[in-house]
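Only the coordinates and a few stated rules stand behind these numbers; no lab work does. Everything numeric in this text was worked out from a predicted model, so none of it was measured. Don't worry about glycine lacking a Cβ; one is built from the backbone with ideal geometry, like all the others, and counts go over all protein chains shown.
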Amino acid sequence: MSSRRTISIISLILFICSMAAFGQEQQAQQPQGKSLSLTLDDCIARALQKNLGIQAAILSPQVSDAALVQSREKYYPSLSFNYTDTSNNSGSYSWVDASQTVTSTGNNYSAQISQLIPIGGNFTIRLSGNMTDTNSRGQTVNPRYQSTLRFDFTQPLLQGFGYKMTNYNIFVARNNLDISETQFDKTVQDTVYSVTQAYWQLVYSIENLKVQRLALQLARDLLAKNQRSVEIGTLAPLDVLTAQSEVATREANILAAEAAVKGAEDQIKMLINLSDEEEKGLREVMALDQPKFEEQKVDLDQALAIAMQKRTDLKISQIGLQIQDLNLSYTRNQLLPSLNFTVSYWSPGLGGTLLLYDNPNPLLGTLIGTVPGGGSQALKDAFNFKYKNWQVSLSLGIPLSNMISRASLAQAKLNLDQALLDLKNQEKQVVLEIKNAVRNVDTTYKQVLAYKVARDLAEKKLQAEEEKLRVGLSTDYFVLQYQRDLTNARVAELQAIINYNLAQVSLDRSTGTILEKKKIKITDILTRS
């Protein structure tokens, strides 16, 4: 009686504990709040639209484009205008000047337009003039108007000569824009890869949680079976402890798996920049897609050729090499003497009111009349080229510092050599990365096949061991061991499939084709912004 009573008490305690644990689990599994179901494409689309890293990176091409526009403004015509009005009064020291006070009034004006030409020259058109009105004696024309129409062209022949030198700042700004756009392209690729990686990690965490729950259920089923055996007296109460210990261990594994799911959900939320309003009351993030297992044949030579053409980091280095080569050319040019060729052509014009005297000498004669005239005659003479003038000149300047100091040229050469070596080293790194990526795709594919076989064998071993236990030819220890083996095999197979999908995406990123595979266009992202 004592033994049966002990068995009954132990069985009752185990049943109560089991029901309590079951109730807690069911309560924990009750839905509280809403769930967000996403496909991988949904996550990528949200990230491309809302990810903070992309939103920040998208500003760089805009800044560089503004700098390029500013550098082109050097070709805008330069306009300048000037007008001066004067009045001068002074005492008279001679009857020749005036009777008492010498008064002169006048004005000066000028208008000029300058235009830079692509080979470094500068073309200028200038119209200038002045008017003078005075009470000084001896004037034959008063007020007097003068106008000059002038054309000047200056062309550097050594320092600053040529299309490349004139447009140096434009080339630099354009290269910087190319770098910014390429860096933005790389940011988008990295973001798409990060989202894909986080998504499959979420899928793995969710599926792993399911596997752990299945393993827990198997352990609980065995525990319940043992408890029934204890009740009917075919199993000693102490033999239940093994199953109880395994249940507790697998419950701990579930806690770790649930934490991993939450961590993966948080990573997805961060990448797609889920707003506080969207996250409020959100219970879980559900992944709708499942990893595919389809063999992908990869040709190494083809992958290398594609990577050399489309890798963003290689493009950035190549553009950087172009910049250093341009800097070297510009530095060499700046060390040349300054030799400028200038051609000028100008036409003056005169006009004003003609004063008539009764004596050929205006100082001795008396004013008897005037012939009115104005500034229009001066302008007419200037524009009709009545008086033609021209000048051709060469000016040479030899800064001694340029002839003695060659530090800037040496630095430019070293920068170019360094950029070239960096590019070659980067190309070797790309080759190594592509080889590893191709090898990883092949390896993970074979691993999936191997783990599938291992999982299938683990299932068969567990079934056989459970049958042996049923007929009394095995023990709980071996059954629980085979259950753990099956759980590990399922987890390993799941991880292998995830790794295979990630290996394919990693290869696409390494070859620079990840956006093409996802049918994502950078122009669409820039336009949408």
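Under the convention that each Lys and Arg Cβ holds +1 and each Asp and Glu Cβ holds -1, the size of the dipole of the range 274-428 around its Cα centre is about 1140 debye.
First obtain the Kirkwood hydrodynamic radius of the range 149-203 from its Cα pairs, then insert it into the Stokes-Einstein equation at 20 °C and 1.002 mPa s, and state the resulting D in µm² per second as a whole number. Kindly include the intermediate steps, with their values, before the conclusion.
On the way: Rh = 15.5 Å.
The calculation lands on 138 µm²/s.
Helix 2-28 sits at what angle to the longest principal axis of the chain, using alpha carbons and giving 0 to 90 degrees rounded to 10? Compared with the principal axis, the helix lies near 20 degrees.
Temperature 20 °C, viscosity 1.002 mPa s: under these conditions the Stokes-Einstein estimate for the chain, based on its Kirkwood radius over C-alpha pairs, is 65 µm² per second.
For the pair SER87 and GLU284, the difference between a 0.36 nm per residue extended length and the Cα-Cα distance amounts to 62.2 nm. Could you pull out every one of the aspartates and glutamates with an alpha carbon less than 19 Å from that of LYS315, ignoring same-chain neighbours closer than 8 positions? Excluding near neighbours in sequence, the set is ASP65, ASP178, GLU181, ASP185, ASP190, ASP325, ASP417, ASP422, GLU427, GLU433, ASP508, GLU516.
Dipole orientation for the chain: of the candidates LEU177, ASN226, MET165, MET165 has the Cα lying most toward the positive pole (charges on Cβ; Lys, Arg +1; Asp, Glu -1).
The shape of the range 247-307 comes out oblate: with a ≥ b ≥ c from the C-alpha gyration tensor, a/c is at least 1.5 while a/b does not beat b/c. Here the range 422-469 is assigned +1 on the Cβ of each Lys and Arg and -1 on the Cβ of each Asp and Glu. Its dipole about the Cα centre then comes out at about 180 debye. Evaluated with a Cβ-only charge set (Lys, Arg +1; Asp, Glu -1), the chain carries a dipole of roughly 700 debye about its Cα centre, given to the nearest 20.
Helix 168-231 and the longest principal axis of the Cα set of the chain meet at an angle near 10°.
Listing ASP42, ASP524 from fewest to most neighbouring C-beta atoms within 10 Å gives ASP524, ASP42.
Computed over the alpha-carbon atoms, the range 189-252 gives an Rg to Rh ratio of 1.36, Rh here being the Kirkwood radius from the mean inverse distance.
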